[in-house]
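Below you'll find the structure, written out as structure tokens, and then a few comments.
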Amino acid sequence: MRSLSLIAMIGAALLVGCGGEEQGELKKELADMTKDMRGKVDSLPQIRTYEPVPYKGESMVDPFVPGRIVVAQTAGTGGSGGGVQPDLNRPKEPLEAFPLEALQMVGTLSQNKDMYALVRAGNNLFRVRKGNYMGPNFGVITAIDEGQINLKEVVQDSGGDWIERSTTVQMQEGKK
């Protein structure tokens, strides 16, 4: 029995001796690897003191007061626009129901020295000539050539005045 316990103690001593040696080498290796490493924390940035800026807009007129907006609208000529006015009593033509972006010039025709343009609006094809109206902005056709339709539109500016502007509808090449 004694010999059995002696063998067990010798075995345990051998195991402890082997384990300690491996850990000793590991500890030494870790110590060698980390000897040059030191923790470094950057210093905190300097905090500047807060200097409040005084608000000086209290004495200025508030642009969002409803009374001021109404005054600005009536300060314009109120739609006179120097004599430019759309004819609101004129019967509307079919192409005035479409925005210009939805209209496509697809061709031209010449008949008795008059030039006509073929305009596609949705699934329909229309024949137009100088003097016809197109688009929602009272656009009257001023000229037609092989590549485009020239329009003169009458629109309201921000002051409520009617102004004229020129625009074109270009020929759509190769679209079906």
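Remind me, relative contact order of segment 72-170 in percent, using alpha carbon pairs under 8 angstrom and six or more residues apart? Value for segment 72-170: 29 percent. Using θ = phi - 60° in the Karplus curve 6.51 cos²θ - 1.76 cosθ + 1.60, the 3J(HN,Hα) couplings for segment 28-37 round to 5, 5, 5, 5, 5, 6, 9, 5, 8, 8 Hz; x is entered for Gly and Pro. Sorting the segments 43-52, 89-98 by their mean number of nearby beta carbons within 10 angstrom, highest to lowest, gives 89-98, 43-52.
Each principal axis of the Cα atoms in segment 72-170 has its own extent, and those three values, largest first, are 48, 28, 24 angstrom.
FYI, it's all coordinate maths here, none of it is from the lab. Being a predicted model, the structure only gives us computed values, none of them experimental. Note: ideal-geometry Cβ built from the backbone for every residue, glycine included; neighbour counts use all protein chains shown.
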